[in-house]
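Below: the structure, in structure tokens.
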Amino acid sequence: MTALSILENRAVASAAPPEVLTSTLGGQEYGIDILAVQEIRRYEAPTRIANAASHLLGIVNLRGVIVPIVDLRRSMGLPAEHGASTVTVIVNVGARTVGLVVDEVSDVVTLDPEQIQPRPSLGNGASADFIVGFATVAGAEGPRMLLLLDLEALLRDF
């Protein structure tokens, strides 16, 4: 391992959250910093907003707070699908509260720094700035890979 990759791994490990809520989108598992999660709610269709971006499904009134609802499937270029296990994860990012629609959530995982790897360069055509890195965790059917989300970067243009 080169000195640069050692420094890069340390930087990613320190930037990645130590505990993540695992969620699924299109068969891939993602990790959301557990400290950003306010609550998990059953999916309810939000009130649409005219001329909004396709990934902005609308807004909901959450105990007196108007919360925008973002479909992560659409944000990541996947087709929109809502099933029985679809949920909305309410997160706090900076001073904003946002609902993220995901296919399902499964568990909370504690990550050790050695489980976390930096995101490789994906070339000029791919934009994955919202991925901090990858983590390999043990699963019932063998190791599984989590893509660790950077919510600030994911919701930057929102």
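The values are calculated or read from the model by the stated rules, or taken from the named source; none is laboratory data. The shown structure was predicted, so the numbers you read here are calculated from the model rather than taken from an experiment. FYI the Cβ positions are ideal-geometry reconstructions off the backbone, even for glycines, and counts take in every protein chain you see.
Quick one: how many residues across the stretch 36-56 are at pLDDT 95 or above, among the hydrophobic types (A, V, I, L, M, F, W, C) and closer than 16 Å to residue 155 by Cβ?
Of the residues in the stretch 36-56, 2 are at pLDDT 95 or above, among the hydrophobic types (A, V, I, L, M, F, W, C) and closer than 16 Å to residue 155 by Cβ.
Going by what's in this entry, would residue 59 be described as closer than 20 Å to residue 146 by Cβ, among the β-branched types (Val, Ile, Thr) and surrounded by 13 or more Cβ atoms within 10 Å (Cβ to Cβ)?
Judged against the criteria, residue 59 is not a match.
If you take the residues of the stretch 66-79 that are over 17 Å from residue 129 (Cα atoms) and touching a strand residue (DSSP E or B) at 6+ places or on another chain (Cβ under 6 Å), which of them is surrounded by the fewest Cβ atoms within 10 Å (Cβ to Cβ)?
Taking the candidates together, the pick is 66.
Does any residue in the stretch 19-30 that is at negative phi and hydrophobic (A, V, I, L, M, F, W, C) come within less than 6 Å, Cβ to Cβ, of a residue that is surrounded by 19 or more Cβ atoms within 10 Å (Cβ to Cβ) and part of a loop (DSSP other than H, G, I, E, B) six or more places away or on a different chain, and which pairs are these?
25/103
Test residue 156 against the criterion of being among the basic types (Lys, Arg) and at pLDDT 90 or above, and give yes or no.
No, not satisfied.
Quick check on this structure: which one of 93, 132 is farther than 25 Å from residue 52 by Cβ and touching a Leu at 6+ places or on another chain (Cβ under 8 Å)?
132
For the stretch 102-128, what are the residues that are in a loop (DSSP other than H, G, I, E, B), among the small types (Gly, Ala, Ser) and at pLDDT 85 or above?
Residues satisfying the conditions do not exist here.
Scan the stretch 35-56 for residues that are in a strand (DSSP E or B) and without any contact (Cβ under 8 Å) to a residue 60 or more places away in the chain and report the count.
Taking the stretch 35-56 first, the residues in a strand (DSSP E or B) are 37-42, 47, 56.
Then drop every residue that is not without any contact (Cβ under 8 Å) to a residue 60 or more places away in the chain, which leaves 37-39, 41-42, 47.
Summing the residues that are in a strand (DSSP E or B) and without any contact (Cβ under 8 Å) to a residue 60 or more places away in the chain in the stretch 35-56 gives 6.
Can you name the residue in the stretch 1-34 that is assigned to a helix (DSSP H, G or I) and surrounded by 12 or more Cβ atoms within 10 Å (Cβ to Cβ) and is also modelled with the lowest pLDDT among such residues?
That would be 13.
Looking only at the stretch 73-101, filter to residues that are assigned to a loop (DSSP other than H, G, I, E, B) and of a type outside the set (Gly, Ala, Ser); which one of those is modelled with the highest pLDDT?
Restricting attention to the stretch 73-101, the residues satisfying the condition of being assigned to a loop (DSSP other than H, G, I, E, B) are 76-86, 94-95.
From the residues that got through so far, the ones that are of a type outside the set (Gly, Ala, Ser) too are 76, 78-79, 81-82, 86.
Numbers: 76: 82, 78: 86, 79: 86, 81: 85, 82: 87, 86: 95.
Of everything passing the filter in the stretch 73-101, 86 is modelled with the highest pLDDT.
Which of the residues belonging to the stretch 91-105 are more than 18 Å from residue 57 (Cα to Cα) and more than 13 Å from the chain's Cα centre (by Cα)?
Within the stretch 91-105, 94, 95 qualify.
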